[in-house]
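First up is the structure itself, then whatever we jot down about it.
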């Protein structure tokens, strides 16, 4: 496996390169800023790029976007473990980065050395990602923007077309999903909470009736932020409460909850100890702890945060799913989306054994077909669905 390391600090480039080399990754090039990175990547054609966010000159965000246009290559962002780092990282994911590695304490020097195995694992995972799936939302956003620009140009140059045509073009743009998902994704956000969330909220899926109250647990890892946002944006309002477990550090989960809240019809917030949710509400498992469903009464869930360090990832979907299987006595749905590793396999099996309906994302639409594959291998998955069909499948029948 061949990698290019991009960081404005020579010391950090050397440190990261050494850690990757020790982990069996061949570092074939280094760059001190985004512009140099474009040249080095074009020359060396690596399997993966580690990209710092903050750099003088061309920063990581612009570099990722240019890279996807000029020499598409899987990118792992190195981001600060801060709220500001979270915001810029989500933007990098929108622009085409596959995943991110959070620098402990905002600095890499001692943090990366301490977590070198995790860094190497992340680099290898990103190198094996489906880049087409990772950049799909960006391509669709560009397609929508291009369609809107063409419509505006046509309206300006052809007054005889009139408002009716403009309205038609607007409607086509709003509902063009870029796939055969039909109405499920007709109002999807294309992954951008900022630009698309407004239209999603305003024109979001209509309310539907379910034989509820329905409880949904969604698990995801690599590629998950965009995938979860897409599912939540397309999920119609119903007598439904949702718990989302995305592998993500604690500085990032509040911002992730804000993005989902803006992109969906549901009231989404980060989980806190003792938090309760009812119909039309969702919780994002807090980073740094596990979210366990503690009680279920009158259609409302209560969660407890658990710092059990026996799990290989935090937050762990297995913890949340097993607790849902034990506690929830109403209709229950488990969903496993894109991600690396085997988290959620035991949990989805437990949910299936408890009578839940279970779904997994299809390999063709996953950035990393790790978690869904392991879930399917347990025999506990009822249906495998393309990403754009997941929201509709969640409400497609009771457990």
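The values are calculated or read from the model by the stated rules, or taken from the named source; none is laboratory data. Given the structure is predicted, the values throughout are model-derived calculations rather than measurements. Glycine gets a Cβ as well: all are built from the backbone with ideal geometry, and neighbour counts include every protein chain shown.
When you check residue 334 against the structure, is it closer than 29 Å to residue 98 by Cα, part of a loop (DSSP other than H, G, I, E, B) and under 19 Å from the mean Cα position of the chain (by Cα), yes or no? Break it down stepwise before answering.
Values: closer than 29 Å to residue 98 by Cα: yes; part of a loop (DSSP other than H, G, I, E, B): no; under 19 Å from the mean Cα position of the chain (by Cα): yes.
Here the answer is no, as residue 334 does not meet what is asked.
Looking across the stretch 10-25, the residues that are without any contact (Cβ under 8 Å) to a residue 24 or more places away in the chain and within 23 Å of residue 56 (Cα to Cα) come down to 10, 13, 14, 17. Counting residues in the stretch 194-217 that are modelled with pLDDT of 70 or more, within 20 Å of the chain's Cα centre (by Cα) and assigned to a strand (DSSP E or B) gives one or more. The single condition from (1) modelled with pLDDT under 75; (2) not in a helix (DSSP H, G or I) that residue 102 fails is (1).
Here the stretch 349-367 is the region considered, the condition is being in contact with a strand residue (DSSP E or B) (Cβ under 6 Å, 6 or more places away or on another chain) and surrounded by 23 or more Cβ atoms within 10 Å (Cβ to Cβ), and the residue that is farthest from residue 325 (Cα to Cα) is 360.
Are any residues in the stretch 273-290 over 11 Å from residue 302 (Cβ atoms) and either touching a strand residue (DSSP E or B) at 6+ places or on another chain (Cβ under 7 Å) or surrounded by fewer than 17 Cβ atoms within 10 Å (Cβ to Cβ) (or both), and if so, which ones?
The first filter runs over the stretch 273-290 and keeps only residues over 11 Å from residue 302 (Cβ atoms), leaving 279-282, 284-290.
Correct list: 279, 280, 281, 282, 284, 285, 286, 288, 289, 290.
Being at pLDDT below 95, crowded, with 21+ Cβ neighbours inside 10 Å and touching a strand residue (DSSP E or B) at 6+ places or on another chain (Cβ under 9 Å) is a description that does not apply to residue 371. I'd like the residue in the stretch 52-67 that is under 19 Å from residue 101 (Cβ atoms) and at pLDDT 95 or above and, out of all such residues, is nearest to the chain's Cα centre (by Cα). Selected residue: 64. Can we say residue 357 is within 27 Å of residue 388 (Cβ to Cβ) and out of contact with any helix residue (DSSP H, G or I) (no Cβ under 8 Å at 6 or more places or on another chain)? Yes.
So residue 294 clears everything in (1) within 27 Å of residue 342 (Cα to Cα); (2) surrounded by 21 or more Cβ atoms within 10 Å (Cβ to Cβ); (3) touching a strand residue (DSSP E or B) at 6+ places or on another chain (Cβ under 8 Å) except one condition, right? Which one? Only one criterion in (1) within 27 Å of residue 342 (Cα to Cα); (2) surrounded by 21 or more Cβ atoms within 10 Å (Cβ to Cβ); (3) touching a strand residue (DSSP E or B) at 6+ places or on another chain (Cβ under 8 Å) is unmet by residue 294, namely (2).
Residues in the stretch 366-382 that are closer than 21 Å to residue 215 by Cβ and in contact with a helix residue (DSSP H, G or I) (Cβ under 6 Å, 6 or more places away or on another chain): 375, 378, 380, 381. I need a count of the residues in the stretch 303-314 that are more than 18 Å from residue 351 (Cα to Cα) and out of contact with any helix residue (DSSP H, G or I) (no Cβ under 8 Å at 6 or more places or on another chain). Qualifying residue count for the region: 8. Of 287, 299, 280, 330, all but one fail to be at pLDDT below 95, farther than 28 Å from residue 376 by Cβ and either in contact with a helix residue (DSSP H, G or I) (Cβ under 8 Å, 6 or more places away or on another chain) or assigned by TED's automatic domain parsing to the domain that holds residue 355 (or both); the exception is 299.
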